[in-house]
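The values are calculated or read from the model by the stated rules, or taken from the named source; none is laboratory data. Since the structure is predicted, the reported quantities are computational estimates derived from the model, not experimental observations. Here Cβ is always computed from backbone atoms with ideal geometry, including for glycine, and neighbour counts include all displayed protein chains.
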DNA sequence: TACTAAGCGAGACGGTACGTCGCGTCTTCTT
DNA sequence: AAGAAGACGCGACGTACCGTCTCGCTTAGTA
């Protein structure tokens, strides 16, 4: 209904199609707020140090206008991140291997954006705040579905074994990459080389014989 | 279990050998403070949300006593994480599959060790603070080495293919498990069933033909 | 009981006789708003603490509907107070002492009439707002006149000394009672016993010798 | 123990004589806060419009430092008023009539001070806020005791009848005066003439025959 | 034994940001 | 054109912690 750039979570608005009564929320404000967040972050403010007060001032907006839309700082950050993650990657669909690599490389590319400065803080909040979790899932799901489609198509076309554990394989590809890219989990592994090494490592287990 | 004297930054203490005048610092306080930090983290407090005020209260210590020893919250966190020790799982060494499952199940038993309960709170700070990162790695490394040993032994005994990408395989097993257990990354995957599904999924790619 | 049409400031309505175009203002709204104000005041809300937001909600009315009629909170209060009417006590007229006691006991029965429940909330505003003061006096005057009549009748009939300071005596009877009943001015004096003690205390000074 | 000028309510401090632990409250802050209140009021800020935020800024003090001492705006105002009401009136003790007049004139003189702008708002709050009431009583009691003493001395010396209802008489003198001075209760009565008229009116009832 | 110096707990200090509430105005759709 | 609903920018509320600063009290080593 409303769409702040590629805003995924959006205000906690009723999912009805019929118009809500009263003055509608200002799209200008939505934009100004998210922009203010990204501005401040890109000027060196830490995600953790970012204050709603500063966002409101920068956006030329009342604090209440922010709290009307997002329940807390984290949720706002999720939206801000989502808005710069941009559209879903486009897969060519000719080769499973190629499609997987393309998608994984896109995850890795997150590092080069402002998102990497924000995401870890959100990850740590995920298991404390179920509402935030819901928002985050809502952002991830389309991406997850995309990869699921690639694997399923691979099975249908005989490229992949039909008995593979699709969701587990997906997580085995993405989770290590995220852990490396955002958290530097294992210092021995260079993030940029991860997509290939991950696909190579799992390939014998999923490729059709 | 804990050992503040091996801490990394340590109290800002004079490097002289001759005794300083006045009342010496209380070792009880050192311990109580670090313990309080670990307690709070293991009770779900985020590293970011951890307040010195709460640490002081929990430790039964004045705030000044903390600031006398550590210049800021981050330094205290580093020391606290550095003090985590021990608790490695014991592997039987008879079968690679069995050993992997045992280690993964230990990761999954999030509530069993304080160390693992502390992890989620720390995650968000990891990429902000390279010193903290180093300490965290120091805690992880023995566990990593243990799993590395299991895989290498499997290769030597011919159970596993000799060309597997050891570190990547390890990360592909552990990262998804951590992502599910601590962050509920993918809501479709039940954490308790993950160890088996992960090993099953990667097995055809690592088992000797 | 209430009569908004006799209000003092009245809605900021055009002074033309010819019908204004568009939808006419709702009389229901006028009434509901004033009633809401009186309800809130009688429930203990201070005039100062009374919020337009609460009035609008209670009246089931939009805020704009209030601001369309009254320029600010004070004007609304004035109108609300002005709308209070009726409920004068009935005096038997056989004995001055008895009549005074009856009237004073009525003042003490704070919860019996909405008018008296409203008084404390209004008190604080009185000296800020002369318009409000005028309205309040308009409500008090009939009650004052009633008591004045009792005293004058007492003088005429020889029950009271002819030289008493009528208005001062009245205030000496009523003000202490109000101070005790509404403000608990002196914690040593039980409000319910005040009417008798007041009349007894002044009696030797006013009774005919 | 502590004494902000003539501060009556003071911080809600334990009434023990033994020192409280921790850093003691700053007397400078006490003074600066009360001064800031009086400054702002005397610059035209309404009691109702006075904001703690502004007081803190003006006093060069953190908001918490104010809230540590006073539970709310009203209590702070009571103290501020008390601090300018100054010391108790000095009675000569030669004639009851003269002493009463002197004390009543002092009440009337309140009008000329900044207190009159504050007191009515406090009066209206009295019956809502028992804590405030306690504070207010604490300020009134010495004044009440003073008048009680005058009347008792009058009885002992045979100037007054021995059977008068002391507390009621006191209230009959003070309450009307306050009602006129601060609230302009009865527009027919000129405040400045009240002391004499009040004493004259009650005198025949209390003077020894 | 007394003196000196630092550490100790407690908690107040001037601040910053929080998330909430109400202001008086505005914008939407409905009557 | 007025109705209700409710969002808007604004500004104060009272709370929580920050990192610093007194307090009076240990608890040592030194004189």
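For region A:190-209, enumerate the residues that are within 15 Å of residue A:105 (Cα to Cα) and either surrounded by fewer than 22 Cβ atoms within 10 Å (Cβ to Cβ) or facing chain B (nearest Cβ under 7 Å) (or both).
Listed by number, the residues that qualify are A:190, A:191, A:192, A:193, A:195, A:196, A:197, A:198, A:199, A:200.
Do we find a residue being within 14 Å of chain B (Cβ to nearest Cβ), under 30 Å from residue B:73 (Cβ atoms), more than 12 Å from DNA strand F (Cβ to nearest atom) and surrounded by 13 or more Cβ atoms within 10 Å (Cβ to Cβ) anywhere in region A:85-105?
There is no residue in region A:85-105 that is within 14 Å of chain B (Cβ to nearest Cβ), under 30 Å from residue B:73 (Cβ atoms), more than 12 Å from DNA strand F (Cβ to nearest atom) and surrounded by 13 or more Cβ atoms within 10 Å (Cβ to Cβ).
Do any helices (runs of 4 or more DSSP H) entirely within region C:28-87 hold 3 or more residues that are within 14 Å of DNA strand E (Cβ to nearest atom) and in contact (Cβ under 8 Å) with a residue 40 or more places away in the chain, and if so, which?
Output list reads C:73-82.
Please find, within region A:3-31, the residue that is farthest from DNA strand F (Cβ to nearest atom) out of those that are modelled with pLDDT of 90 or more and closer than 27 Å to residue A:123 by Cβ.
Start the filter on region A:3-31 by keeping residues that are modelled with pLDDT of 90 or more, which leaves A:23-31.
Narrowing the set further to residues that are closer than 27 Å to residue A:123 by Cβ leaves A:30-31.
Values: A:30: 7, A:31: 11 Å.
Out of the qualifying residues, it is A:31.
Within region A:54-81, how many residues are within 11 Å of DNA strand F (Cβ to nearest atom) and within 14 Å of another protein chain (Cβ to nearest Cβ)?
1
Taking residue D:139 as the residue in question, decide whether it is closer than 26 Å to residue D:75 by Cβ, at pLDDT below 85 and within 19 Å of the chain's Cα centre (by Cα).
Yes.
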